[in-house]
Amino acid sequence: MLTLLFAAALTLQAAPESPAPDVSGANAVVTLDALPIEHAAAARCAVAFATVSRWQKAGDARGRDYPDIEASGGREFFVRVMAKLMEDTGLGREDIIALSTRAADENEGEGGPERIKAMMPACNLMKTAAGL
């Protein structure tokens, strides 16, 4: 349990100022790895909540082990994180959709459900720290 709290604290700790990703090229592709750590961690959690919510709505067995994402603030967390990401980085709506889609596709791929399961305790702490 202490390890989870420590990981969540590190995730939430203010990181040194990082430059916004360069999205100046017409075909620039922004990845989670290119984002400052605080944005990348929050975005990974937001997409994890969206993925689990999709599983729950579809009746997919992978969503059964989690509390109701919609009722527990997961959707609101997603919206806030993506809005903050747009505001802080200058990414447009299309960039956010593409970034979220790629991350969600990774969650559906090999090892995705296990990654979500491993990170969900820290994500829930992050959501709670956000007041949700």
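In the stretch 48-75, the residue that is surrounded by the most Cβ atoms within 10 Å (Cβ to Cβ) out of those that are touching a residue at least 60 places away in the same chain (Cβ under 8 Å) and among the small types (Gly, Ala, Ser) is 48. Checking each residue in the stretch 80-100 for being under 12 Å from residue 31 (Cα atoms) and of a type in the set (Ser, Thr, Tyr) picks out only 100.
If you go through the stretch 86-132 and keep only what is over 15 Å from the mean Cα position of the chain (by Cα) and polar (S, T, N, Q), you end up with just 89.
Scanning the stretch 93-112 for residues that are touching a residue at least 12 places away in the same chain (Cβ under 8 Å), surrounded by fewer than 18 Cβ atoms within 10 Å (Cβ to Cβ) and not aliphatic (A, V, I, L, M) gives 102, 108, 112.
Each value in this text was obtained by applying a stated rule to the coordinates, not by laboratory testing. Fair warning: this is a prediction, and the values are worked out from it, not measured in the lab. Note that we place each Cβ from the backbone using ideal geometry, even for glycine, and neighbour counts take in every protein chain shown.
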